Amino acid sequence: MDPKFLTYNGVVLRRFDVRSLEDCNYLNDVIIDFYFAYLFESHQSDDILLLPTSISFLLGNALDWDTFMATMESLNFHEKKLIFFTVNDNSNFSSSGGSHWSLLVYCRKRNLFMHHDSLHMMNNESAFTIYESVNSYISYDSAEFMECRAPRQRNGYDCG
């Protein structure tokens, strides 16, 4: 077992995770979860929800309605003004990974899902799957989905 490097707000970083920050490596889900935990702790707000990678994945790929609804209800989505979903191009429950991360943000004030992808539209299908899964639960009127201009990555590894 890879030794623990750091534990912060329930996120356990191992040496393997920290090494993913070195040159030319993919960011893994634990690094993203760690950063979301840090943002949540340093900028606490009852209006903002930063979803862990596993929850975003579950909401976009839930196989049964009961699990989906129990997850949605536990997160108090209706009380949030901004909801941040991590998007990964992996849709297979039996394998870990994927090769690209992007960000989907729901803004209640605008009733709008905004997808930010550093490789323009590479994760569009995965982001749209999450949008379709949660839209009717989050929004009383159907929310709009929009692709946003995001800073472009210039290599194949630093999408996160």
Subject >> Full-stretch length increase - LEU112, ARG149 - with 0.36 nm per residue and alpha-carbon distance subtracted >> reply: 11.8 nm
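Take the solvent-accessible surface of the protein heavy atoms, probe 1.4 Å, and return the percent of it on the chain that carbon and sulfur atoms account for.
Working: 5130 of 9560 Å².
Carbon and sulfur together cover 54 percent of it.
Write down, largest first, the equivalent ellipsoid semi-axes of the range 1-106 in whole Å, where each equals the square root of 5 times an eigenvalue of the alpha-carbon gyration tensor. Let's see the in-between values first.
Working: eigenvalues 113, 67, 33 Å².
Semi-axes, largest first: 24, 18, 13 Å.
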Subject >> Accessible area expressed per residue, the range 1-40, with surrounding protein chains retained (probe 1.4 Å, Å²) >> reply: 70
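Probe of 1.4 angstrom, ligands and nucleic acids ignored: what's the accessible area per residue over the range 76-155, in square angstrom?
Working: 4470 Å² over 80 residues.
Dividing the accessible area of the range 76-155 by its residue count gives 56 Å².
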Original post:
Helix 29-42 sits at what angle to the longest principal axis of the chain, using alpha carbons and giving 0 to 90 degrees rounded to 10?
Top reply: 70
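Helix-only estimate, please: 222 nm mean residue ellipticity of the chain, summing -39500 (n - 2.57) across DSSP H runs of length 4 or more and dividing by its residues, to the nearest 500. Walk me through the numbers before you get to the answer.
On the way: 5 runs with 53 residues, N = 160.
It lands at -10000 deg cm²/dmol.
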**OP:** Lys and Arg at +1, Asp and Glu at -1: add these up for the other residues within a Cβ distance under 10 Å of ASN9 and post the number.
**Re:** -2
**OP:** Return the distance in nm (one decimal) between the two label points of a simple spin-label model at VAL12 and ASP64, each offset 7 Å from Cα along Cα→Cβ.
**Re:** 2.7
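The values are calculated or read from the model by the stated rules, or taken from the named source; none is laboratory data. Owing to the predicted nature of the structure, the values given are computational and were not obtained by experimental measurement. Neighbour counts run over all protein chains shown; Cβ positions are idealised from the backbone, glycine included. Surface areas here come from the heavy atoms of the whole protein model, side chains and all, with no ligands, DNA or RNA. Shrake-Rupley method; radii C 1.70, N 1.55, O 1.52, S 1.80 Å.
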